[in-house]
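*Asks:* A single structure is presented below for examination.
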Amino acid sequence: MEEEWQRQLKHSIRTPEELAERFDLDVEKLRNVCRKFPVFITPYYLSLIKEKGDPIYRQIIPDEQELDNKELLYTDPLAEDRDSPVHNIVHRYPDRCLFLISHTCASYCRFCTRKRKVSDPDKICGEFIDEGIEYIRNHPEIRDVILSGGDPLMLSDKRLEGIIKKLRAIGHVEIIRIGSRVPCFLPHRITPRLANMLKKYHPIYMNVHFNHPDELTPLACKALARLSEAGIPLGNQSVLLKGVNDNPDTMMKLNQALLRARVRPYYLYQADMVYGTEHFRTPVETGIEMIKALRGWTSGLAVPHFVIDAPGGGGKIPLLPNYLQDINGDEVRMRNYRGRNFTYLQPDSDNPFQQEQKVLEFKAVSL
Ligand SMILES: *Cc1c(COP(=O)(O)O)cnc(C)c1O
Ligand code: SF4
């Protein structure tokens, strides 16, 4: 019997013509854009659009600005291909690697960093899966495997289980992570069967991808609850996007809604320097402002790490508002979330007498 998620995929929008008709757009322009990166949208996600140009629309509807030719933007901004020892594996950090096991997603984000691979069956294909597993088996330093793609949950339960089972049979693989936007685009895919399959292979972690509070619908929250109840710790990775979530109020609502769904905000990414996505990029200061607007003002659990995935393959680099004003051997001067200044005294085990003096002076000043 056909399941609802299969029905959703079958009835997804896949052509510029369908889209042009639905939103009254210029079909010629859409065709040009879709030649670069195809359109693909589930009926469910499409139904979340309230009006043309809203945050859901912007993420998923092709835009002619994608054709703007900016010399500086890359097709592979993170130089992932360079850190790819075998097809489907990106091994950049000492103890963990990405394992790209699917070339499709449940819908296509217009700002995707892996446009060069996503939607192209020749770039990430099944026949290289065994090669990837072999690589992980031969590298005992890999204790954390991150299944990615495309979206790993686009595979059938059977194929996914086949891969996870082989990974679990490798002694040094301690944890398996799944990176997926399926709970956002196609929550129906999170069936009891899938959850029951995954929970046989713990510890499994999942990082989902929600960018806007409107994406956390009752259906999405139900899918997330099902994963939580299967014992899978959930994190969220958002991308900071112009016109989607680049204001403090939206960020606050998004991260609080995630916590209500038992999802811990993990990363907030500065948009990568990807070809055709210039219209989504915000100044880096905006991201720092987002963190400032969260830290202290709401639950610490709601504050993700703001990171730039460094162009050229430097990995993720966290950026923080400037809480640290000055640090030396004697003291640390800091600013709190409200902008007030505080001092912390460094330990001074060499000279207890001098330390006592310092503490007395410190108390005199603070009181
Ligand atoms: C993001 C990423 C990881 C995982 O990084 P964490 O900080 O451990 O979540 C691993 N490998 C690559 C290539 C990555 O881009
Ligand atoms: S779900 Fe991820 S991999 Fe797929 S199109 Fe969106 S950003 Fe790209």
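*Asks:* Would you check if residue 110 is of a type in the set (D, E, K, R), more than 16 Å from ligand 1 (Cβ to nearest atom), crowded, with 19+ Cβ neighbours inside 10 Å and within 23 Å of the chain's Cα centre (by Cα)?
*Replies:* Yes; evaluated as a whole, the condition is true for this residue.
*Asks:* Here's a follow-up. Test residue 180 against the criterion of being within 16 Å of ligand 1 (Cβ to nearest atom), closer than 16 Å to residue 80 by Cα and either aliphatic (A, V, I, L, M) or at pLDDT 95 or above (or both), and give yes or no.
*Replies:* Working: within 16 Å of ligand 1 (Cβ to nearest atom): yes; closer than 16 Å to residue 80 by Cα: no; either aliphatic (A, V, I, L, M) or at pLDDT 95 or above (or both): yes.
No.
*Asks:* Look through 82, 116, 96 and report the one residue that is buried (at least 16 other Cβ atoms within 10 Å of the Cβ), modelled with pLDDT under 95 and outside the structural domain of residue 14 (by TED's automatic domain parsing).
*Replies:* The conditions single out 116.
*Asks:* Being at pLDDT below 95, on the phi < 0 side of the Ramachandran plot and surrounded by 13 or more Cβ atoms within 10 Å (Cβ to Cβ) is the requirement here; does residue 63 meet it? So that I can check it myself, show each step before the final result.
*Replies:* Details: at pLDDT below 95: no; on the phi < 0 side of the Ramachandran plot: yes; surrounded by 13 or more Cβ atoms within 10 Å (Cβ to Cβ): yes.
Here the answer is no, as residue 63 does not meet what is asked.
*Asks:* Condition first: without any contact (Cβ under 8 Å) to a residue 60 or more places away in the chain, within 20 Å of the chain's Cα centre (by Cα) and outside any loop (DSSP other than H, G, I, E, B). Now tell me which residues in segment 18-67 satisfy that.
*Replies:* Matches in segment 18-67: 57, 60.
*Asks:* Among (1) more than 13 Å from residue 107 (Cα to Cα); (2) surrounded by 14 or more Cβ atoms within 10 Å (Cβ to Cβ), there is one condition residue 69 misses while meeting the rest; what is its number?
*Replies:* (2)
*Asks:* For segment 333-365, which residues satisfy the criterion of being hydrophobic (A, V, I, L, M, F, W, C) and within 20 Å of residue 292 (Cα to Cα)? If you could, list the steps in order and put the result at the bottom.
*Replies:* Kept after step one, since they are hydrophobic (A, V, I, L, M, F, W, C), are these residues of segment 333-365: 334, 342, 345, 353, 359-360, 362, 364-365.
Across segment 333-365, the qualifying residues are 334, 342.
*Asks:* Can you tell me how many residues within segment 125-155 are within 16 Å of ligand 2 (Cβ to nearest atom), surrounded by 16 or more Cβ atoms within 10 Å (Cβ to Cβ) and not small (Gly, Ala, Ser)? Explain how you work it out, then say what you get.
*Replies:* Filtering segment 125-155 for residues within 16 Å of ligand 2 (Cβ to nearest atom) gives 125, 146-155.
Still in the running and surrounded by 16 or more Cβ atoms within 10 Å (Cβ to Cβ): 146-155.
Within this subset, residues satisfying the condition of being not small (Gly, Ala, Ser) are 146-147, 151-155.
Going through segment 125-155 one residue at a time, the tally reaches 7.
*Asks:* Is it fair to say residue 158 is of a type in the set (D, E, K, R), more than 23 Å from the chain's Cα centre (by Cα) and away from ligand 2 (no atom under 16 Å from the Cβ)?
*Replies:* yes
*Asks:* Considering only residues that are within 30 Å of residue 46 (Cα to Cα), without any contact (Cβ under 8 Å) to a residue 60 or more places away in the chain and under 19 Å from the mean Cα position of the chain (by Cα), which ones fall in segment 68-97?
*Replies:* Within segment 68-97, 76 is the sole residue that qualifies.
*Asks:* Need pairs with beta-carbon distance below 7 Å; first residue in a strand (DSSP E or B) and within segment 144-156, second within 10 Å of ligand 2 (Cβ to nearest atom) and among the polar types (S, T, N, Q); sequence gap 6+ or separate chains.
*Replies:* Close Cβ pairs (under 7 Å, with a partner that is within 10 Å of ligand 2 (Cβ to nearest atom) and among the polar types (S, T, N, Q)) amount to 149/102.
*Asks:* A follow-up question, please. Right, residue 309: closer than 18 Å to residue 237 by Cα, in contact with a strand residue (DSSP E or B) (Cβ under 8 Å, 6 or more places away or on another chain), part of a loop (DSSP other than H, G, I, E, B) and in contact (Cβ under 8 Å) with a residue 24 or more places away in the chain or not?
*Replies:* no
*Asks:* I've got another one for you. From the list 315, 276, exactly one residue is of a type outside the set (D, E, K, R), more than 17 Å from residue 240 (Cα to Cα) and under 21 Å from the mean Cα position of the chain (by Cα). Which is it?
*Replies:* 315
*Asks:* Of the conditions (1) outside the structural domain of residue 236 (by TED's automatic domain parsing); (2) of a type outside the set (Gly, Ala, Ser); (3) assigned to a loop (DSSP other than H, G, I, E, B), residue 333 fails just one. Which one is it?
*Replies:* Only one criterion is unmet by residue 333, namely (3).
*Asks:* Given the criteria in a loop (DSSP other than H, G, I, E, B), aliphatic (A, V, I, L, M) and more than 16 Å from ligand 2 (Cβ to nearest atom), does residue 78 qualify?
*Replies:* Spelling it out, it is not the case that residue 78 is in a loop (DSSP other than H, G, I, E, B), aliphatic (A, V, I, L, M) and more than 16 Å from ligand 2 (Cβ to nearest atom).
*Asks:* OK, next. I'm told residue 285 meets every condition in (1) modelled with pLDDT of 95 or more; (2) touching a Lys or Arg at 6+ places or on another chain (Cβ under 9 Å) except one. Can you identify the failing condition by its number?
*Replies:* (2)
*Asks:* Additional query: Of the numbered conditions (1) over 26 Å from residue 195 (Cβ atoms); (2) within 11 Å of ligand 1 (Cβ to nearest atom), residue 100 fails exactly one; give the number of that condition.
*Replies:* Status for residue 100: all satisfied but (1).
The values are calculated or read from the model by the stated rules, or taken from the named source; none is laboratory data. Remember, predicted model here, so these are calculated numbers, not experimental data. Virtual Cβ from ideal backbone geometry, glycine too; neighbours counted across all protein chains shown.
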